[in-house]
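Asker: Here it is: the structure, laid out below.
The values are calculated or read from the model by the stated rules, or taken from the named source; none is laboratory data. Just so it is clear, the structure is predicted and the values come from calculations on it, not from any experiment. We place every Cβ from the backbone using ideal geometry, glycine too, and count neighbours over all the protein chains shown.
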């Protein structure tokens, strides 16, 4: 029996993960399917017969609420990448329904988490939702996804490189709140996950079953580490703050809160933006290993050289990043206090992209 003055933290759980071909699924319940057109086409013939088939095309809280209120079914399916699955998590949570997630690419860790990212007032915030009850992994489908998309979620593991640096710097500056204090054990685990990704980036980038199984394991361990910490500082720092800010420079057709399953239509993938943010922030943190991170992104086939994103937009985002972080009350990172002048921005961009 706990004493009245005891306090404890509830540690989140990972979903049940089932590995089987999507063709083996047989769903008899009335299903609400949240997906995108490319993802639905990729699972053509699946034995899930939607009572409602919804192609997700928004990522605001109001949009999520509208979908949740119109929900009619016995089970919710999220099929695709982060945007579709994040939306399905919110709809299922709001209606108290079971949730099955079918990731068609490993483009983000959203299919493992219990929160839904939405864009509000020029920034990303997270709404409480639910972890999927079941995640079904079709390894053959994942391996055969387009190369630039299938493993872009590796950027959410690689971001440990810059986020953990920010978190440790915040500790030195006494900027971490009591609930976000660092322990050596967490740093050791984060370092191990990062090094494992760096050591195996080429195998993951090739899209082999071995490589993608390892990426799945790394995403699971990264999410579980965040649950143990009670926050995401170990993998979300200045690189993600850069992403939140630069998304305001993208046209609505190219924006995405967590990921896009389009890759060849000009839409920018979350992993691509995070990859660029990692390189820029690692350089600004004066990390000597930043070139190793660039090599890893190239091995992973994550395109951080985004043709639709001008260097002017990148520079403007860097110059205004400190003000952006302050305005949106984001956690302390290198971007909080570093004043990036036009000259610093230009040199950093040139260093990273040349």
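Asker: Between residues in the range 282-308 that are within 14 Å of residue 161 (Cβ to Cβ) and residues that are not in a helix (DSSP H, G or I), which pairs lie under 7 Å by C-beta distance while being six or more apart or on different chains?
Answerer: Taking only residues 6 or more apart or on different chains, the pairs are 284/338; 297/304; 300/151.
Asker: Sticking with this one: Which numbered condition in (1) modelled with pLDDT of 95 or more; (2) under 24 Å from residue 186 (Cα atoms) is the only one that residue 229 fails?
Answerer: For residue 229, the failing item is (1).
Asker: Which one of these does residue 18 not meet: (1) modelled with pLDDT of 95 or more; (2) in a helix (DSSP H, G or I)?
Answerer: Only one criterion in (1) modelled with pLDDT of 95 or more; (2) in a helix (DSSP H, G or I) is unmet by residue 18, namely (2).
Asker: Of all residues in the range 15-32, which are over 22 Å from residue 143 (Cβ atoms) and in contact with a helix residue (DSSP H, G or I) (Cβ under 7 Å, 6 or more places away or on another chain)?
Answerer: 32
Asker: Here's another thing I want to ask about it. Taking the condition surrounded by fewer than 20 Cβ atoms within 10 Å (Cβ to Cβ) and in the same structural domain as residue 249 (by TED's automatic domain parsing), does residue 317 pass? Lay out the reasoning, then the answer.
Answerer: Values: surrounded by fewer than 20 Cβ atoms within 10 Å (Cβ to Cβ): no; in the same structural domain as residue 249 (by TED's automatic domain parsing): yes.
No; evaluated as a whole, the condition is false for this residue.
Conditions tested, residue by residue: (1) out of contact with any strand residue (DSSP E or B) (no Cβ under 9 Å at 6 or more places or on another chain); (2) modelled with pLDDT under 95; (3) in a helix (DSSP H, G or I); (4) assigned by TED's automatic domain parsing to the domain that holds residue 40.
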residue: 59; (1), (2), (3), (4): no, yes, no, yes
residue: 87; (1), (2), (3), (4): no, no, yes, yes
residue: 102; (1), (2), (3), (4): no, no, no, yes
residue: 116; (1), (2), (3), (4): no, yes, no, yes
residue: 126; (1), (2), (3), (4): no, yes, no, yes
residue: 136; (1), (2), (3), (4): no, no, no, yes
residue: 154; (1), (2), (3), (4): yes, no, yes, no
residue: 157; (1), (2), (3), (4): yes, no, yes, no
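Asker: Would you pick out the residues in the range 21-50 that are assigned to a strand (DSSP E or B) and surrounded by 12 or more Cβ atoms within 10 Å (Cβ to Cβ)?
Answerer: Selection gives 27, 29, 30, 31, 32, 33, 34, 35, 48, 49, 50.
Asker: Given 292, 285, which one is more than 28 Å from residue 104 (Cβ to Cβ), at pLDDT 95 or above and either out of contact with any helix residue (DSSP H, G or I) (no Cβ under 6 Å at 6 or more places or on another chain) or in the same structural domain as residue 105 (by TED's automatic domain parsing) (or both)?
Answerer: That would be 292, the only listed residue that is more than 28 Å from residue 104 (Cβ to Cβ), at pLDDT 95 or above and either out of contact with any helix residue (DSSP H, G or I) (no Cβ under 6 Å at 6 or more places or on another chain) or in the same structural domain as residue 105 (by TED's automatic domain parsing) (or both).
Asker: Only one of 174, 159 is farther than 15 Å from residue 211 by Cα and more than 19 Å from the chain's Cα centre (by Cα); which?
Answerer: None of the others qualify; the one that does is 174.
Asker: Quick check on my filter: what residues within the range 175-218 are within 19 Å of residue 135 (Cβ to Cβ) and free of Cβ contacts under 8 Å to residues at least 60 places away in the same chain?
Answerer: 214, 217
Asker: Sticking with this structure for a sec: What's the number of the condition residue 350 fails, among (1) modelled with pLDDT of 95 or more; (2) touching a helix residue (DSSP H, G or I) at 6+ places or on another chain (Cβ under 7 Å)?
Answerer: (2)
Asker: Still on this structure: Would you call residue 328 farther than 23 Å from residue 171 by Cα, modelled with pLDDT of 90 or more and surrounded by fewer than 20 Cβ atoms within 10 Å (Cβ to Cβ)?
Answerer: no
Asker: Checking the structure you have, find out if any residue of the range 178-190 is assigned by TED's automatic domain parsing to the domain that holds residue 284, in a helix (DSSP H, G or I) and either buried (at least 22 other Cβ atoms within 10 Å of the Cβ) or touching a strand residue (DSSP E or B) at 6+ places or on another chain (Cβ under 8 Å) (or both).
Answerer: Kept after step one, since they are assigned by TED's automatic domain parsing to the domain that holds residue 284, are these residues of the range 178-190: 178-190.
So of that shortlist, the ones also in a helix (DSSP H, G or I) come out as 178-180, 184-190.
Next cut, either buried (at least 22 other Cβ atoms within 10 Å of the Cβ) or touching a strand residue (DSSP E or B) at 6+ places or on another chain (Cβ under 8 Å) (or both) only: 190.
Yes, the range 178-190 contains at least one residue that is assigned by TED's automatic domain parsing to the domain that holds residue 284, in a helix (DSSP H, G or I) and either buried (at least 22 other Cβ atoms within 10 Å of the Cβ) or touching a strand residue (DSSP E or B) at 6+ places or on another chain (Cβ under 8 Å) (or both).
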